[in-house]
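Please treat every number below as a calculation from the coordinates, not as lab data. Bear in mind that the values here come from a model prediction, so they are computed numbers and not experimental data. FYI the Cβ positions are ideal-geometry reconstructions off the backbone, even for glycines, and counts take in every protein chain you see.
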Amino acid sequence: MKVKLIYHTPEPERVVAAAARLCYSPVGAEQLAEKMSDEQVGRLIGKIVEMGHVSTLEHASFTFAVEGVSRVLTHQLVRHRLASYSQQSQRYVKEHNFEYILPPSVASREGAREKFLALMQTIQQAYDELVEMGVHQEDARYCLANATETKIVVTMNARELMHFFELRCCQRAQWEIRRLAEAMLAEARHVSPLLFQKAGPSCITRGVCGEGNLSCGRLQTLGK
């Protein structure tokens, strides 16, 4: 898996702080952004996150380039609808010698790895034969596996990222999208450490767990 933050709102924390200050100020956001010191921005960001004044976080956006992930992952990812996605097309990109994601639970079990790899080979052969028979690749792709590797560009604002991290950094999240969320969080923190300082699963951010009887038990260990 390769995750890279390729673009973000310039000075995202200052933008968010200026938007928050504007709500209670007679002067404009541009003037506020210019006049605030880094220390003032930091204090205000901390207060915003603590108070839950999260609408102001929507003014900062982050764009990630993601490679080496499966269609299983992207089917889950696009359920986060307050985001923009551009995904590699199986209709126009021929899947010759297609790459695929091997789940750890398959790779670690005797016999399972071989069965999985054999199936991928069979799928590749069927796909190639269909294309050779004149079937357009937009129809030949119907036989491809969910494990097929794909690439996607994802843009989310900071508020949606916070929500995404709460759900997908959770230990109960499916392993592949959890790895993606953790990698995206690391990238976001690198350029905006104040905004994402306390980002993560809801047990950490809000002290709650929505998993009920399926909880991993992490919440009970926090603060001990």
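When Rg/Rh (Cα atoms, Kirkwood Rh) is calculated for this entry, the matching label among (1) 1.01; (2) 0.94; (3) 1.08 is (3).
Normalising the average separation of contacting C-alpha pairs (under 8 angstrom, six or more residues apart) by the number of residues puts the relative contact order of the chain at 26 percent. For K151, a cut-off of 18 angstrom between C-alpha atoms picks up these aspartates and glutamates, skipping any fewer than 8 places away in its own chain: E67, E95, E99, E138, E176, E182, E187.
As a rough guide to protection, the peptides 213-220, 77-84 ranked by mean Cβ packing within 10 Å, highest first, stand as 77-84, 213-220.
Among E95, E67, E110, the ranking by other beta carbons within 10 Å of each residue's beta carbon, starting with the fewest, stands as E110, E67, E95. Computed extension gain for R43 through E132, at 0.36 nm per residue and net of the alpha carbon distance, reaches 25.7 nm. The shape of the range 101-147 can be summarised by an equivalent ellipsoid whose semi-axes, obtained from the alpha carbon gyration tensor, come to 26, 10, 5 Å from longest to shortest. Think of the range 101-147 as a dipole: +1 on every Lys or Arg Cβ, -1 on every Asp or Glu Cβ, centred on the Cα centre; then among Q121, L102, C143, L102 lies furthest on the positive end. Site pair E149 and Q87 shows an inter-label distance of 1.8 nm when each label is modelled 7 Å from Cα along Cα→Cβ.
Summarising the amide proton neighbourhood of G200: residues at separation of 5 or more, or on other chains, whose placed amide H is nearer than 5 Å comprise E166.
Taking 0.36 nm per residue of separation and subtracting the current Cα-Cα distance, fully stretching the chain between L214 and W175 would add 12.5 nm.
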